[in-house]
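*Asks:* Once you've had a glance at the structure underneath, I'll fire off some questions.
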Amino acid sequence: MTDRITRRNFTRLLGLSASAVALPAAGATASSPVHEGVPPSREFPGGFLWGTATSAYQIEGATEEAGRGPSIWDTFSRVKKNTYTGENGDVADDEFHRYREDIAIMQELGVKAYQFSVAWPRIFPTGTGAQNPQGWDFYDRMLDALLKAGIEPFCTLYHWDMPQALMAVGGWQSADVARAFADYSAVAARHLGDRVKNFITMSEITTFVDEGYRYGSDAPGLKLSAGEVAQVTHNVLLGHALGVQAVRANARAGTRVGIADNAVSTCPVIETPEHINAARTAYREENARVLTVIHEGRYTELYLKNLGADAPKFTAEELKIISTPLDFIGLNIYEPTWVRADDKTASGYEVLDLPKSYPKMAAGWLQLGPRGMYWSPKYLHELWGVKEIYITENGAASWDVPTKSGEVLDVDRVFFLRSYLTSLQRVVSEGVPVKGYFLWSLMDNYEWSDGYPMRFGITYVDFKTQKRTVKLSGEFYKEVIARNALA
Ligand code: FCB
């Protein structure tokens, strides 16, 4: 299991680019709010939005209930060899029936925002055509309970579970699917816009394109050529931007829309001006496929040159659409990319390979790199003047095992979170406009082709009984939120 080559390993291999007891903070007295007396070097700005994140296919289950149509993940995970011991999302966290319990956990932890995704096949069981009202019923009930608990929803429209029917035209291989996504986005904005103020079009374009269409390690399991993959990426970008426009045209005034991108987090090997500059240049080039084209309205010369004959076909009009301005950028921050200055390369930088002994969490791809939480938002802000940033995902994979008394003492995850949050506090304190942080994940869930043993939650889920137990990391996060400061 540990040796399984998981989705992000492929990308790297190919070289593409507190304790449960709330202790008062130093200086705080027993009667003062706990955050008083926290040194400014540990505080976050007032109103910082502390959240948790999940996605539909990973938690909902009920894949054949209430008129939901099949998704590409249902189909993909039916083929036993595709996922860890053939595991699938048929039941997952049974969230379709247990959302109230999980909202109560968020409330208990003091969580202020929740990023969830809508399952496209619940709304459009066959991808296009008639909406399924029962699909909306579920999200209506869930959102009402969430708002009642005082938790702000952030709604992702596409977190990888495309209606299977759209594979008839090749999924994202077809620009028709970009238009179908825009139609779905319009409907979602109309239906949810009275309660959802923040929409995210898509989660991690490069992950679902590379793993799903290049390596076949995720749904839909295709292994396309480099040229075809470049075209798929282009179609997805178009879908994203048409989705943005559809949300704007259909939601209420003041609705905000962004993207969740797993940007390559380039970090200077040593914090000297030359390496810092090189890692900034690298940020722009290594993110040419998504962030750069969205912000600059063109693919970089190096990106097109490297692809050569495999470069995507596009029109000037499409690039204009793709660069539709966003209200915020979401960054999913996990592993780092270490960069040093190098005048001998055309780009002026070198991306370093990681030594075998480089520390990682349970997921082979999850190399430790808290510095990415500092440099990625910083470069994003410096390069394109982005005014509003959210960390839309960050979290740690562990092989959690409950103690005899049923506690889950995941000190490894606490260590991970504290390190990344320290870098987040650093970048925010320098005035980089990161407005909130969504911890992946509220609870253990279906980790795609790695199945259920790979746990990312701050709440432990016993998948036999569906019993939830808040882990030590959950208590830690509760303390961070209460203090609005590092704990
Ligand atoms: C991200 C995915 C999310 C989850 C975490 C661990 O890349 O967006 O669904 O799998 O990784």
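*Asks:* On the basis of being among the small types (Gly, Ala, Ser), part of a helix (DSSP H, G or I) and modelled with pLDDT of 95 or more, does Ala178 make the cut?
*Replies:* Numbers: among the small types (Gly, Ala, Ser): yes; part of a helix (DSSP H, G or I): yes; modelled with pLDDT of 95 or more: yes.
So Ala178 fits the description; yes.
*Asks:* Now for a different question. Can you tell me how many residues in segment 51-80 are hydrophobic (A, V, I, L, M, F, W, C) and open to solvent by 20 Å² or more (accessible area, probe 1.4 Å)?
*Replies:* Residues of segment 51-80 that are hydrophobic (A, V, I, L, M, F, W, C), as a first pass: 53, 56, 59, 62, 66, 72-73, 76, 79.
With the extra rule that they be open to solvent by 20 Å² or more (accessible area, probe 1.4 Å), the set shrinks to 66, 79.
Final tally of qualifying residues: 2.
*Asks:* Follow-up question, since we're still on this one. For segment 35-138, which helices (runs of 4 or more DSSP H) that fit wholly inside it have 3 or more residues that are closer than 20 Å to Glu204 by Cβ and within 16 Å of the ligand (Cβ to nearest atom)?
*Replies:* On the way: elements: 56-59, 72-78, 95-109, 120-123.
Hits in segment 35-138: 56-59, 72-78.
*Asks:* Which one of the conditions (1) assigned to a helix (DSSP H, G or I); (2) of a type outside the set (Gly, Ala, Ser); (3) under 17 Å from Leu237 (Cβ atoms) does Tyr299 fail to meet, given that it meets all the rest?
*Replies:* (1)
*Asks:* Working only within segment 311-339, note down all residues that are open to solvent by 40 Å² or more (accessible area, probe 1.4 Å) and either over 27 Å from the mean Cα position of the chain (by Cα) or aromatic (Phe, Trp, Tyr) (or both).
*Replies:* Correct list: Lys313, Phe314, Thr315, Ala316, Glu317, Trp338.
*Asks:* Output the residues belonging to segment 353-405 that are part of a loop (DSSP other than H, G, I, E, B) and within 14 Å of the ligand (Cβ to nearest atom). Walk me through how you get there before you give the answer.
*Replies:* Step one: list which residues in segment 353-405 are part of a loop (DSSP other than H, G, I, E, B), which gives 353-359, 361-366, 368-371, 385-388, 394-397, 399-405.
Result: Met361, Ala362, Ala363, Gly364, Trp365, Leu366, Asn394, Gly395, Ala396, Ala397.
*Asks:* Just to be sure I understand, how many residues within segment 251-274 are out of contact with any Phe, Trp or Tyr (no Cβ under 6 Å at 6 or more places or on another chain) and more than 16 Å from the ligand (Cβ to nearest atom)?
*Replies:* Of segment 251-274, the ones out of contact with any Phe, Trp or Tyr (no Cβ under 6 Å at 6 or more places or on another chain) are 251-256, 259-265, 268, 270-274.
Right, trim to more than 16 Å from the ligand (Cβ to nearest atom) and you get 251-256, 268, 270-274.
Final tally of qualifying residues: 12.
*Asks:* So which of Arg455, Arg418, Arg413 ends up being over 25 Å from Asp74 (Cα atoms), within 22 Å of the chain's Cα centre (by Cα), among the basic types (Lys, Arg) and within 16 Å of the ligand (Cβ to nearest atom)? Please lay out each step first, then the result.
*Replies:* On the way: Arg455 fails: over 25 Å from Asp74 (Cα atoms); Arg418 fails: within 16 Å of the ligand (Cβ to nearest atom).
On inspection, the qualifying residue turns out to be Arg413.
*Asks:* Still on this structure, I have one more. Counting only residues that are within 12 Å of the ligand (Cβ to nearest atom) and among the hydrophobic types (A, V, I, L, M, F, W, C), which one in segment 427-441 is farthest from Arg413 (Cα to Cα)? Explain how you work it out, then say what you get.
*Replies:* Going through segment 427-441, the residues within 12 Å of the ligand (Cβ to nearest atom) turn out to be 438-441.
Applying the additional criterion that residues be among the hydrophobic types (A, V, I, L, M, F, W, C) yields 438-440.
Working: Phe438: 15, Leu439: 11, Trp440: 11 Å.
Looking at residues that are within 12 Å of the ligand (Cβ to nearest atom) and among the hydrophobic types (A, V, I, L, M, F, W, C), I get Phe438.
*Asks:* Need pairs with beta-carbon distance below 7 Å; first residue closer than 24 Å to Leu331 by Cα and within segment 39-65, second assigned to a loop (DSSP other than H, G, I, E, B) and open to solvent by 60 Å² or more (accessible area, probe 1.4 Å); sequence gap 6+ or separate chains.
*Replies:* The qualifying pairs are Leu49/Lys112; Trp50/Lys112; Gly51/Lys112.
*Asks:* If Ala346 satisfies every condition in (1) open to solvent by less than 50 Å² (accessible area, probe 1.4 Å); (2) at pLDDT below 95; (3) of a type in the set (Gly, Ala, Ser) but one, which is the exception?
*Replies:* (1)
*Asks:* Now for a different question. Residue check, Asn287 against (1) within 30 Å of Ala396 (Cα to Cα); (2) more than 20 Å from the chain's Cα centre (by Cα), all met but one. Which one?
*Replies:* (2)
*Asks:* Could I ask something else about it? Determine, yes or no, whether Leu331 is touching a helix residue (DSSP H, G or I) at 6+ places or on another chain (Cβ under 8 Å), within 30 Å of Thr52 (Cβ to Cβ) and assigned to a strand (DSSP E or B).
*Replies:* Values: touching a helix residue (DSSP H, G or I) at 6+ places or on another chain (Cβ under 8 Å): yes; within 30 Å of Thr52 (Cβ to Cβ): yes; assigned to a strand (DSSP E or B): yes.
The answer is yes for Leu331.
*Asks:* Same structure again: Can you name every residue in segment 167-190 that is open to solvent by 20 Å² or more (accessible area, probe 1.4 Å) and either of a type in the set (A, V, I, L, M, F, W, C) or touching a His at 6+ places or on another chain (Cβ under 6 Å) (or both)?
*Replies:* Within segment 167-190, the subset open to solvent by 20 Å² or more (accessible area, probe 1.4 Å) is 167-169, 173, 175-176, 179, 183, 190.
Correct list: Met167, Ala168, Val169, Ala175.
*Asks:* I'd like to verify a number: residues in segment 396-413 that are open to solvent by less than 10 Å² (accessible area, probe 1.4 Å) and either in contact with a helix residue (DSSP H, G or I) (Cβ under 6 Å, 6 or more places away or on another chain) or not β-branched (Val, Ile, Thr) (or both), how many?
*Replies:* Residues of segment 396-413 open to solvent by less than 10 Å² (accessible area, probe 1.4 Å): 396-398, 408, 410, 413.
Keeping just the survivors that are either in contact with a helix residue (DSSP H, G or I) (Cβ under 6 Å, 6 or more places away or on another chain) or not β-branched (Val, Ile, Thr) (or both) gives 396-398, 410, 413.
The total comes to 5.
*Asks:* Can you spot a residue in segment 157-164 that is within 16 Å of the ligand (Cβ to nearest atom), at pLDDT 95 or above and assigned to a strand (DSSP E or B)? Walk me through it before giving the result.
*Replies:* Within segment 157-164, the first condition is being within 16 Å of the ligand (Cβ to nearest atom), and the residues that meet it are 157-162.
Add one more test, that the residue is at pLDDT 95 or above, and what stays is 157-162.
Add one more test, that the residue is assigned to a strand (DSSP E or B), and what stays is 157-158.
Scanning segment 157-164, I find at least one residue that is within 16 Å of the ligand (Cβ to nearest atom), at pLDDT 95 or above and assigned to a strand (DSSP E or B), so the answer is yes.
*Asks:* Hey, among the residues in segment 334-352 that are assigned to a strand (DSSP E or B) and not acidic (Asp, Glu), which one's nearest to Pro453 (Cα to Cα)? Let's see the steps before the verdict.
*Replies:* Here is the first cut: in segment 334-352, the ones assigned to a strand (DSSP E or B) are 336-341, 349-351.
Keeping just the survivors that are not acidic (Asp, Glu) gives 336-341, 349, 351.
On the way: Pro336: 24, Thr337: 27, Trp338: 29, Val339: 33, Arg340: 36, Ala341: 40, Tyr349: 38, Val351: 32 Å.
Filtering segment 334-352 for residues that are assigned to a strand (DSSP E or B) and not acidic (Asp, Glu), the one nearest to Pro453 (Cα to Cα) comes out as Pro336.
*Asks:* It is to be established whether one or more residues within segment 225-241 are in a helix (DSSP H, G or I), touching a Ser or Thr at 6+ places or on another chain (Cβ under 8 Å) and more than 25 Å from Thr75 (Cβ to Cβ).
*Replies:* There is at least one residue in segment 225-241 that is in a helix (DSSP H, G or I), touching a Ser or Thr at 6+ places or on another chain (Cβ under 8 Å) and more than 25 Å from Thr75 (Cβ to Cβ).
*Asks:* Identify, please: which residue in segment 244-286 is out of contact with any strand residue (DSSP E or B) (no Cβ under 7 Å at 6 or more places or on another chain) and of a type in the set (Asp, Glu) and is, among those, farthest from Ala341 (Cα to Cα)?
*Replies:* Glu285
*Asks:* Regarding Val196, is this residue part of a helix (DSSP H, G or I) and crowded, with 24+ Cβ neighbours inside 10 Å?
*Replies:* Values: part of a helix (DSSP H, G or I): no; crowded, with 24+ Cβ neighbours inside 10 Å: yes.
No: the conditions fail for Val196.
The values are calculated or read from the model by the stated rules, or taken from the named source; none is laboratory data. This is a predicted model, so every value here is computed, not measured. We place every Cβ from the backbone using ideal geometry, glycine too, and count neighbours over all the protein chains shown. Areas reflect the complete protein model, heavy atoms only, side chains present, ligands, DNA and RNA absent. Shrake-Rupley method; radii C 1.70, N 1.55, O 1.52, S 1.80 Å.
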